[in-house]
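The values are calculated or read from the model by the stated rules, or taken from the named source; none is laboratory data. None of the values given here were measured: they were computed from a predicted structure. No Cβ is skipped: glycine too gets one built from the backbone with ideal geometry, and neighbour counts run over all protein chains shown.
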Amino acid sequence: MLLSLVLHMYSMRYLLPGVVLLGSAPTYVLAWGVWRLLSALLPARIYQAVDDRLYWVYQSTVLFFFENYTGVQILLYGDLPKNKENIIYLANHQSTVDWVVADILAIRQNALGHVRYVLKDRLKWLPLYGCYFSQHGGIYVKRSAKFNERDMRRKLQSYVDAGTPMYLVIFPEGTRYNPGQTKLLSASQTFAAQQGLPVLKYVLTPRIKATYVAFDSMKNYLDAIYDVTVVYQGKDNKGEREESPSMTEFLCKECPTIHIHIARIDKKDVPEEQEYMRRWLHERFEIKDKLLIEFFDSPDPERRNKFPGKCVHSKLSLKKTLPSLLILSGLTAGMLTTEAGRKLYVNTWLYGTLLGCLWVTIRA
C-alpha cells in the first residue's frame, strides 16, 4: 500500500510545476496589463525594455522547473554563444519542450527576455498567453497559401524600428518530427523528392516562408543565425531514435540529458534570394540529418550517442532562476490570501481570457 502510494506520487511529480506555472499566469498577465496601461504614452523602446524584464521573470521560473527541478544534464557542442546578439534561431522540431530549449540557450547569453517565437496560428487561442505572446513580439502564422507575408513583415519592421532586441525562434519543419508517424515522414520525403532535394531521414523537409520573410525583413538588423540541433536522450535509449518526451514526461524526469549542437552563421553567409535561401536552408537540414545519423547510427560506439567535437556540460545556477520563482509565487500567494485578491485572480482568468480571444478575433 505504502509502496503504491510512493510510486503514484513519483509519477505525479509534474503537478508542482504545472500548478506553479499555470497558477501564476493571472498574476503575470495582470502585472503586464498594468505596465501596458502605464506605458501607453511612453516610447515603445521603454515599454519593450520593461516587458522583456517581466518576461525574463516568468521564463526563468519555467527554467527553474525544466532545469533545476528535473536535474537534466545540458550538453553543448559547436559554437557556444556568450554575448547578446540579434539572431534568428533555427532548430529541428520534435517535442513541445523545444520551446524551452531556446530559453535554455538564451539565458546563458543573458538574452532570455528577448526570446520571441514564430507560432502556429491556432496557439493564439491559448488562455491569457495567446494574446500576450503577440504583444511580446511573437508572430502567429498559417501554413501554405494562408501564410500572411505582409502581416509578418509589418510586425518585424515595427520591432526593428523600435530597436527591439530580437531572439526570434523558428522551427522550419512546421510540425514535430515523430518516428512513429510514418505517413508524415513519407509525405515529407515525397515533397523533398518532388522538389529535387535530397531526402532526409531524421528531420522533416524544412519550409522556407517564415525563415525567408524573417531574414529579409531584418537582415540589416541581425547579427547572425543560430542553427541548432537537439537530441533528447532518455533513460531507455538503446541507440535507436525514440519518440521525444512531452513536457509532462520531461518534468517527470524521464529525460536525463539534452544534447544541443549550435552552429553560428554570420548573416553575410546567408543568401538573400528566396530560391537560393530555400536550397541553403535544406542544406542546413542535411547537416542536421548527418549529425543525427551519426548520433544514432554510427557504427563506432565511441561516436554514438553524442555529437562530434568538444562537449561542454553547462549547469544553470539557482541564482538565475530561484529569485524569479520566489517573486512570482509570492505575489500569487499574496493575492490569494485575501478575498479581494481571490476575486481579482478569478476575474483575471475569466475576463483576461475573454478579452484576449476578442482581441485576436478582431485582429484576424
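Among the residues in segment 246-257, are any of a type in the set (A, V, I, L, M, F, W, C) and part of a loop (DSSP other than H, G, I, E, B)?
Taking segment 246-257 as the starting set, the residues that turn out to be of a type in the set (A, V, I, L, M, F, W, C) are 247, 250-252, 255.
Subset that is part of a loop (DSSP other than H, G, I, E, B): 252, 255.
Yes: one or more hits.
If you go through segment 314-363 and keep only what is free of Cβ contacts under 8 Å to residues at least 12 places away in the same chain, polar (S, T, N, Q) and either outside any helix (DSSP H, G or I) or within 30 Å of H261 (Cα to Cα) (or both), you end up with S317, T337, T338.
Criterion applied to K290, K315, K319 was being surrounded by 15 or more Cβ atoms within 10 Å (Cβ to Cβ) and out of contact with any Ser or Thr (no Cβ under 7 Å at 6 or more places or on another chain), and the one residue passing it is K290. Put simply, of L156, L119, L128 the only residue that is surrounded by 15 or more Cβ atoms within 10 Å (Cβ to Cβ), touching a Ser or Thr at 6+ places or on another chain (Cβ under 8 Å), modelled with pLDDT of 90 or more and among the aliphatic types (A, V, I, L, M) is L156.
Only a single criterion out of (1) crowded, with 21+ Cβ neighbours inside 10 Å; (2) assigned to a strand (DSSP E or B); (3) of a type outside the set (S, T, N, Q) is not satisfied by I104, namely (2). Residues in segment 263-272 include none that are touching a helix residue (DSSP H, G or I) at 6+ places or on another chain (Cβ under 7 Å), part of a helix (DSSP H, G or I) and either of a type in the set (A, V, I, L, M) or loosely packed, with under 15 Cβ neighbours inside 10 Å (or both). Of the residues L222, L168, the single one that is in contact with a strand residue (DSSP E or B) (Cβ under 7 Å, 6 or more places away or on another chain), within 29 Å of W359 (Cα to Cα) and surrounded by 14 or more Cβ atoms within 10 Å (Cβ to Cβ) is L168.
Scanning segment 124-163 for residues that are in contact with a Phe, Trp or Tyr (Cβ under 7 Å, 6 or more places away or on another chain), assigned to a helix (DSSP H, G or I) and aliphatic (A, V, I, L, M) returns a single hit, V160.
Among the numbered conditions (1) outside any helix (DSSP H, G or I); (2) over 18 Å from the mean Cα position of the chain (by Cα), the only one that T229 does not meet is (2). Selection of segment 199-221 for residues being part of a loop (DSSP other than H, G, I, E, B) and among the charged types (D, E, K, R) yields K201, R207, K219.
Results for (1) β-branched (V, I, T); (2) over 15 Å from the mean Cα position of the chain (by Cα); (3) crowded, with 20+ Cβ neighbours inside 10 Å, shown as yes or no for each residue.
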residue: L41; (1), (2), (3): no, yes, no
residue: D51; (1), (2), (3): no, yes, yes
residue: T61; (1), (2), (3): yes, no, yes
residue: L76; (1), (2), (3): no, yes, yes
residue: L80; (1), (2), (3): no, yes, no
residue: E85; (1), (2), (3): no, yes, no
residue: L90; (1), (2), (3): no, no, yes
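Screening the candidates A49, A25, A31 for the property of being small (G, A, S), in contact with a Pro (Cβ under 8 Å, 6 or more places away or on another chain), at negative phi and at pLDDT 90 or above yields one hit, A25.
Which residue is farthest from V199 (Cα to Cα), if the candidates are limited to segment 144-158 and must be in contact (Cβ under 8 Å) with a residue 40 or more places away in the chain and touching a strand residue (DSSP E or B) at 6+ places or on another chain (Cβ under 8 Å)? Result: L156.
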